[in-house]
Every structure is written in C-alpha cells, then in structure tokens.
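The values are calculated or read from the model by the stated rules, or taken from the named source; none is laboratory data. Everything quoted here is computed from the prediction, not taken from an experiment. Methodologically, a virtual Cβ is constructed for each residue, glycine included, from the backbone with ideal geometry; neighbour enumeration extends over all protein chains shown.
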Amino acid sequence: MSSTLFRTKKVEQSILDTEEPEHALKKSLSALDLTVFGVGVIIGTGIFVLTGTVAKNNAGPAVALAFVAAGVACALAALCYAEFASTVPVAGSAYTFSYASLGELPAWIIGWDLVLEFALGTAVVAVGWSGYIASLLDNAGWHLPAALSGREGADGFGFDILAAALVLVLTAILVVGTKLSARVTSVVVAIKVTVVLTVIVAGAFLIDGKNYDPFVPKAQPVPAGDSLQSPLIQLMFGWAPSNFGVMGIFTAASVVFFAFIGFDVVATAAEETKNPQRDMPRGIIGSLIICTVLYVAVSIVVTGMQHYTDLSVSAPLADAFKATGHPWFAGFISFGAAVGLTTVCMILLLGQTRVFFAMSRDGLLPRFFSRVHPRFKTPHRPTILLGVLIAILAGFTSLSELAELVNIGTLFAFVVVAIGVIILRKSRPDLPRSFRTPWVPFLPILSVCASLWLMLNLPAETWLRFGIWMVIGFVVYFLYGRSHSLLGRHEETALNGPAGPSGTAGPGRDDAV
C-alpha cells in the first residue's frame with residue numbers, strides 16, 4: 001500500500017498531459033506578465049499598515065532590517081520554486097512539484113492545503129477590499145444598507161454584497177482568458193505602484209533624522225503565554241520572543257514575512273507561460289526583489305516621518321502624513337490599498353483554480369473539472385465553481401480569525417518544495433534544468449528551517465485548524481482520490497493488460513469519472 005501512496009508521476013508524463021487538446025491551457029504569458037502578477041499579489045494593505053505597526057510594536061526604525069531578513073527567507077523559497085517551475089512547467093505549483101518528487105499522497109496533501117490557502121486568501125482579501133470601498137462610498141455620501149454590508153456587527157441577516165460582487169467579476173475575467181486578466185492586472189498594478197512610489201517620494205521630504213534615534217531600540221522581553229492564541233513555540237518550549245533589540249528584528253521579520261506571501265502563486269501559471277524555462281525564474285525572483293525594495297523604502301519613510309513610539313496601529317502611514325500636516329494623503333493611501341487588493345484577489349483566485357485543475361487532470365478530483373473552455377482555453381469549470389463558492393463565503397462569513405490559515409498553508413508549501421528540490425536532484429539528475437537552485441542541498445535545507453521557524457511562531461489555534469483541514473483531506477483522498485488516480489489506473493493497466501469488454505477506462509480515457 002505504501003508504494004501506491006508514494007508513487008511519483010514522471011516529469012515527462014506531466015508535461016505530456018498538458019498537450020492533450022481538451023486539457024491544455026493556452027500559453028500567453030511573458031516574463032513581464034509573471035512579474036506583474038507577483039507584484040500584484042504581494043503588495044496589498046500590508047505595505048500601508050504592517051510597516052508602521054511592526055515598527056511601533058516590535059523593531060522601531062530597524063523594521064527596515066526586518067523586511068530585509070524576511071525577504072531573504074522568501075528568497076530561499078523563491079530559488080527553489082524557480083528551479084521547479086522551470087523544470088516542471090505544469091499548472092499546480094507545489095502540488096505538481098510534489099507529485100514529481102515526493103509521491104501521490106504528499107502531492108494530494110499539499111494540493112488540499114493550497115486549495116484552502118487560496119480560497120481563504122481570496123475571501124479574506126475580498127472582505128478587506130469591501131471595507132475600503134464602503135469607506136470611500138461613505139465619504140461620498142453613499143451608504144449601503146446594513147443587511148448588505150457584511151457580517152461584522154450585523155444584527156440579523158448580513159451579506160457583504162461588495163465582496164461577493166468583486167469575486168464574481170474577477171471570476172468572469174479569469175474565464176474569458178489569462179491574457180485578459182494579465183492586462184487588467186498590469187493596469188491595476190501600475191496604479192498601485194504609482195501610489196506607493198508617490199508616498200515614498202513625498203514622505204522622503206518629511207523625514208526628520210531625529211526619529212531614527214535609536215535605530216535599534218533597547219530590547220524588551222515578552223512574557224510567555226499559555227493559551228491557544230500563543231505561538232506554538234511558546235507552548236512547546238516556554239520560549240517567548242523579545243521585542244526591539246537585535247532579537248526584536250527577527251521577531252518583526254516573522255510578522256512582516258506575511259506581507260511577502262503571494263510570489264509562490266506565480267508558479268501556478270507555469271503552464272500558461274510562453275517560455276517557462278526562461279521566464280518563470282525571472283517572474284518569481286523579479287517580483288520578490290521589487291517588492292522587497294518597496295517595503296524597505298516605505299518602512300524607512302514612515303519611521304523617519306514620525307517617531308516609532310508615536311505611530312498609530314490602525315493606519316500608521318496615513319496618520320504619519322496627518323501628523324506632518326498632510327491629511328489628504330490618508331484618502332490617497334486608502335485609494336491605493338483598495339485598488340491594490342483587486343489584483344491580490346484576482347491572482348489568488350487564479351492560483352487556486354490552477355491547482356484544482358491540475359488535481360482534476362490527474363484524477364484525484366473529478367475529471368469533469370479538467371476540461372478547458374473550447375474558445376478561451378481556460379479551466380472555466382473549476383473557475384466558475386470556486387468563484388461562486390468563494391463569493392458566498394466572502395459574503396456570509398467573517399473571516400478575520402481564519403486569515404492565519406493562509407500563512408501556515410503557504411509556509412507548509414515552502415517546506416515541501418524545498419524538500420522536493422533535494423529529492424528530485426537525487427532521483428532525476430538527468431532532467432534538463434534551465435535554472436538551478438544554488439548550493440543544493442544546503443540552501444533548500446536553510447529554506448526548510450526558516451519556514452519551520454516562522455510556522456512555530458504562529459498561534460497554536462492556527463495549527464489546530466490546519467490539522468483538522470488536513471484530516472478531512474486524508475479522508476477525501478482515501479475515499480475518492482486514491483481509487484480514481486489516473487496514475488494508479490495507468491499502473492493497473494500496465495500490470496493487468498488492456499481494458500476488457502466491460503468498458504473499464506484505460507489510459508487517457510477517464511473523462512467519465
């Protein structure tokens with residue numbers, strides 16, 4: 001049984017599957033498109049909120065160094081993703097990589113994990129976008145009925161009509177075509193980056209050098225907690241991180257790391273890239289570098305405009321401009337955040353549908369969802385299904401407490417991909433690799449350690465919820481996925497000979513499943 005659970009799918013077979021007309025995605029993306037996707041999903045409200053909040057609570061002006069440390073941790077994972085995405089240019093990202101290196105069950109686990117990660121991420125971002133738009137509408141004198149404003153504070157029925165509408169519109173765009181979504185993303189990302197650069201340039205003229213003293217504030221120990229809301233590492237070892245000081249920089253890095261989440265979504269579009277061997281590494285690493293530079297610049301500006309002890313927690317960058325006599329920037333920043341969240345939502349939804357599509361094409365989910373649209377060449381069936389479900393989820397549910405599940409899911413994927421690079425180097429040294437992760441196995445091992453460290457800093461409650469979702473995934477796999485696996489059926493056919501007159505499906509004939 002263990003041999004079937006860890007059977008691997010050859011890279012050549014994965015690539016061959018992408019050429020079946022009914023299951024082939026259209027190749028239309030360039031390195032620029034991929035970089036725009038990466039920047040579009042990474043830069044969200046975090047750049048306007050998290051930078052100042054972490055400076056006030058964890059690191060002071062040294063938050064800039066925390067962003068560098070977090071960027072390095074992400075770069076370790078990005079180098080591993082770049083090798084896999086260029087070597088196995090197939091939809092599915094970490095799921096597909098795991099299938100080629102670790103085996104079917106690990107691949108299912110990571111695919112199940114990514115479905116949850118991207119679904120919750122899309123819904124959470126849609127709700128956040130709705131809040132910004134509702135605020136802008138209120139400022140203009142337009143007020144939505146309470147029943148259509150969401151579950152937060154709702155008395156009786158509550159549905160977030162704006163969040164649901166956003167998801168449905170983005171679903172329609174993704175059905176029509178990936179190139180169209182890339183064009184929409186390019187326009188929105190251009191607006192978003194313009195807002196960020198304007199804030200950086202304007203803020204640079206308002207910097208007071210005295211606010212950088214001290215650059216690394218004196219360390220302050222944090223008492224250990226004992227509840228499920230405490231980081232798992234505290235409950236396991238009684239260790240509590242310190243704020244400020246040198247160790248405070250690393251504490252801050254574990255927080256701001258989550259502002260980088262999203263570059264891995266670029267890998268899900270590998271199959272739709274014109275030249276994935278060249279362009280996937282450029283898109284993944286390029287978007288990460290651009291966002292790291294922007295994050296560091298914003299953190300330097302906000303801590304220079306206002307002393308870190310005076311920064312607000314809810315809207316530090318906007319309030320810093322107010323404190324320096326430029327209140328109109330608050331609305332400008334809110335506009336940038338609202339625009340930015342549109343692309344975050346779209347690209348997360350794109351990533352989820354591609355993972356779902358890849359799992360369906362392998363038979364682990366119903367093959368009905370692996371047929372592409374005859375005209376648009378997009379996975380329209382899973383896109384519509386997931387879009388509607390996420391729209392309902394975003395409309396009816398308050399998801400703030402589930403947001404950290406997105407973080408643990410991403411970090412888990414980072415661990416799996418890093419391990420997969422090491423294994424595939426050993427098992428398939430013959431594979432042509434246009435991009436090679438340097439210093440294997442040392443760099444992937446370092447990536448695993450960095451990701452595990454950040455996972456241990458997440459609340460124990462998040463680990464509990466993640467564990468429950470994984471248990472559900474095991475049940476689904478053993479009840480459905482294992483028996484419907486296309487790879488398993490190919491192996492069974494090879495052992496038992498061609499299908500008999502009973503009509504048992506042979507290789508490539510599982511569409512009725």
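Does residue 207 satisfy being in contact (Cβ under 8 Å) with a residue 12 or more places away in the chain, under 21 Å from residue 121 (Cα atoms) and surrounded by fewer than 23 Cβ atoms within 10 Å (Cβ to Cβ)?
No: the conditions fail for residue 207.
Give the number of residues within the range 14-30 that are assigned to a helix (DSSP H, G or I), under 24 Å from residue 102 (Cβ atoms) and either among the acidic types (Asp, Glu) or touching a residue at least 12 places away in the same chain (Cβ under 8 Å) (or both).
Qualifying residue count, the range 14-30: 4.
If I ask for residues that are surrounded by fewer than 23 Cβ atoms within 10 Å (Cβ to Cβ), more than 17 Å from the chain's Cα centre (by Cα) and touching a residue at least 60 places away in the same chain (Cβ under 8 Å), which ones from the range 438-464 would you list?
Correct list: 438, 443, 446, 453, 456, 457, 459, 460, 461, 463, 464.
Could you grab me the full set of residues in the range 210-246 that are in a loop (DSSP other than H, G, I, E, B), surrounded by fewer than 14 Cβ atoms within 10 Å (Cβ to Cβ) and not hydrophobic (A, V, I, L, M, F, W, C)?
Within the range 210-246, 213, 214, 218, 223, 226, 227, 229, 238 meet the criteria.
Failed condition for residue 141, given (1) surrounded by fewer than 19 Cβ atoms within 10 Å (Cβ to Cβ); (2) in contact (Cβ under 8 Å) with a residue 12 or more places away in the chain; (3) not in a helix (DSSP H, G or I), with all others met?
With respect to (1) surrounded by fewer than 19 Cβ atoms within 10 Å (Cβ to Cβ); (2) in contact (Cβ under 8 Å) with a residue 12 or more places away in the chain; (3) not in a helix (DSSP H, G or I), residue 141 is out only on (2).
From the list 187, 216, 265, pick out the single residue that is over 30 Å from residue 352 (Cβ atoms) and either in contact with a Lys or Arg (Cβ under 6 Å, 6 or more places away or on another chain) or not aromatic (Phe, Trp, Tyr) (or both).
216
Can you tell me which residue among 453, 463 is assigned to a helix (DSSP H, G or I) and modelled with pLDDT of 90 or more?
Answer to the check: 463.
Give the number of residues within the range 413-431 that are under 19 Å from the mean Cα position of the chain (by Cα) and closer than 13 Å to residue 442 by Cβ.
Total satisfying the criteria: 1.
Among the candidates 85, 59, which residue alone is more than 30 Å from residue 365 (Cα to Cα), buried (at least 24 other Cβ atoms within 10 Å of the Cβ), among the small types (Gly, Ala, Ser) and at pLDDT 90 or above?
59
Is it the case, given these coordinates, that residue 198 is out of contact with any Pro (no Cβ under 9 Å at 6 or more places or on another chain), among the β-branched types (Val, Ile, Thr) and at pLDDT 80 or above?
yes
Return a yes/no flag: does the range 432-441 have any residue that is over 17 Å from residue 97 (Cβ atoms), outside any helix (DSSP H, G or I) and not acidic (Asp, Glu).
yes
Would you call residue 127 outside any loop (DSSP other than H, G, I, E, B), under 30 Å from residue 463 (Cα atoms) and modelled with pLDDT of 90 or more? It would help to see each step written out before you state the result.
Values: outside any loop (DSSP other than H, G, I, E, B): yes; under 30 Å from residue 463 (Cα atoms): yes; modelled with pLDDT of 90 or more: no.
In short, no.
I need the full set of residues from the range 247-265 which are among the hydrophobic types (A, V, I, L, M, F, W, C), part of a helix (DSSP H, G or I) and under 21 Å from residue 68 (Cβ atoms), in order please.
247, 249, 250, 252, 253, 255, 256, 257, 258, 259, 263
Pick out the one residue from 409, 395 that is in contact with a strand residue (DSSP E or B) (Cβ under 7 Å, 6 or more places away or on another chain), of a type outside the set (A, V, I, L, M) and either crowded, with 17+ Cβ neighbours inside 10 Å or part of a helix (DSSP H, G or I) (or both).
That would be 395, the only listed residue that is in contact with a strand residue (DSSP E or B) (Cβ under 7 Å, 6 or more places away or on another chain), of a type outside the set (A, V, I, L, M) and either crowded, with 17+ Cβ neighbours inside 10 Å or part of a helix (DSSP H, G or I) (or both).
If you check every pair at least six apart or on different chains, which have Cβ atoms under 8 Å apart with a residue in the range 259-273 that is under 15 Å from residue 27 (Cβ atoms) first and a residue that is of a type in the set (Lys, Arg) and part of a helix (DSSP H, G or I) second?
Close Cβ pairs satisfying both conditions: 268/354; 269/354; 271/354.
Step by step: first the residues of the range 163-189, then only those that are part of a helix (DSSP H, G or I), of a type outside the set (Ser, Thr, Tyr) and at pLDDT below 85, then the one that is nearest to residue 25 (Cα to Cα). Which residue is that?
Of the range 163-189, the ones part of a helix (DSSP H, G or I) are 163-176, 178-189.
If we keep only those that are of a type outside the set (Ser, Thr, Tyr) too, we end up with 163-170, 172-176, 179-180, 182-184, 187-189.
Narrowing the set further to residues that are at pLDDT below 85 leaves 179-180, 182-184.
Details: 179: 12, 180: 14, 182: 15, 183: 18, 184: 19 Å.
The selected residue is 179.
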